[in-house]
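First comes the structure, then the notes that go with it.
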Amino acid sequence: MKRLTLAIALLALLATAAAAQQPIKVRFAYDGFSMTSGPLNYADKQGIFKKFGLDVTPVFIEGGSTVTTAVVGGSIDIAQNGYTPAAGAAVEGADVVIIGGISNKLPFQLVVRTSITSAAQLKGQAIAISRYGSSTDTAVDFALAHLGLKRDDVKVLQLGGPATRIAAVMSGQVSATVEQYPDTAELTRQGFHVLVDVTDIAGEYPNTAYVTNRAYLKSNPEAVKRFFMAMATAVHEYKTNPAVAIPLTQKFLDVKSDENIKAAYEAYVKIYPDDLRPSVKGLQLVLNEIGAKSAKARATKPEQLVDTSTLDALERDGFFKKLLGK
């Protein structure tokens, strides 16, 4: 009888230990194959999520609004998503909250054919973007304002993804396109040039955030904490380990040119924030834009759409200082 009791107790202990070691599953999605996903891919391929006790398999879902819907509906726990679709849904009452940021800049360039060197020469010309209301659309507005041009001074055409836009500018269908690295690097190699780098002139207008819903954040604080520990570690290693980061990203984005991916890496390591904090100031710029058509957005303060409690706790615990060796 004693042996049976001991055996049962031992099995219970083993089961408890196994449960403690069981990784936490987090359903994660991202909305685009771009350099903003470089650290995410690094974390996945280098086993960093597993290191922090997480079971994460990143799933690509095309379109920021679609990703937002998945987060609101609860089929996705945490997502890498655009600030604009998340903020747009939140001001309308959807349960979605911005908890971090990976790109608090608008990293696009207005790339033009060689003969265009001034605003005057761009007048009347066609510029390719992905679609109206997208990040490329916002970027073209910043570029035009910087050049002293109005929207009506040019023809802004929504042509879809980068491959279509690049084909259009290469064939002469349009005179300019809004792109980001590494595509910008490839176009400059083909004889085009950057007329305006929106990254430099858009200030803190943010591009890509980490979002969840408030119900998940409240019920799963440990999962969110581990996620940010993993991603901050990935960003740090990504920046300090180019020998691994560059080839991984080159394969992930299927970039043929070594020079193009190196140019993209050098551009983006300056953008990724070490502490993954979202830009509240930048979010106000997003709300200002949405507010042009939405009274609810005009009445919303950026702080209402953000929850940095997890990042605050990690900072208090000294996690980022230890990670960065400060």
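The values are calculated or read from the model by the stated rules, or taken from the named source; none is laboratory data. Everything numeric in this text was worked out from a predicted model, so none of it was measured. Quick reminder, even Gly has a Cβ in these numbers, built from the backbone with ideal geometry, and neighbours come from all protein chains shown. The area values use the complete protein model at the heavy-atom level, side chains included, leaving out ligands, DNA and RNA. Shrake-Rupley method; radii C 1.70, N 1.55, O 1.52, S 1.80 Å.
Tell me, which residue of the range 273-301 that is without any contact (Cβ under 8 Å) to a residue 40 or more places away in the chain and touching a helix residue (DSSP H, G or I) at 6+ places or on another chain (Cβ under 7 Å) is least open to solvent (accessible area, probe 1.4 Å)? It would help to see each step written out before you state the result.
Restricting attention to the range 273-301, the residues satisfying the condition of being without any contact (Cβ under 8 Å) to a residue 40 or more places away in the chain are 280, 284, 288, 291-293, 295, 298-299, 301.
Cutting the leftovers down to touching a helix residue (DSSP H, G or I) at 6+ places or on another chain (Cβ under 7 Å) gives us 280, 284, 291.
Details: V280: 51, Q284: 65, G291: 5 Å².
Among them, the one singled out is G291.
One residue stands out among those in the range 117-139 that are buried (at least 22 other Cβ atoms within 10 Å of the Cβ) and among the small types (G, A, S): the one that is farthest from the chain's Cα centre (by Cα), which is A128.
Being in contact with a Leu (Cβ under 8 Å, 6 or more places away or on another chain) and open to solvent by 60 Å² or more (accessible area, probe 1.4 Å), is that true of even one residue in the range 33-41? Looking for residues that are in contact with a Leu (Cβ under 8 Å, 6 or more places away or on another chain) and open to solvent by 60 Å² or more (accessible area, probe 1.4 Å), one finds at least one in the range 33-41, hence yes. Picking from residues in the range 279-314 that are among the charged types (D, E, K, R) and out of contact with any Ser or Thr (no Cβ under 9 Å at 6 or more places or on another chain), the one that is nearest to G93 (Cα to Cα) is K296. Checked against the criterion of being on the phi > 0 side of the Ramachandran plot, of a type in the set (G, A, S) and in contact (Cβ under 8 Å) with a residue 24 or more places away in the chain, the range 69-82 contains one or more residues that satisfy it. Filtering the range 32-68 to residues that are assigned to a loop (DSSP other than H, G, I, E, B), among the β-branched types (V, I, T) and either at pLDDT below 90 or on the phi > 0 side of the Ramachandran plot (or both) leaves only I61. Here V244 clears all of (1) crowded, with 17+ Cβ neighbours inside 10 Å; (2) farther than 20 Å from F108 by Cα; (3) not charged (D, E, K, R) except the condition numbered (1).
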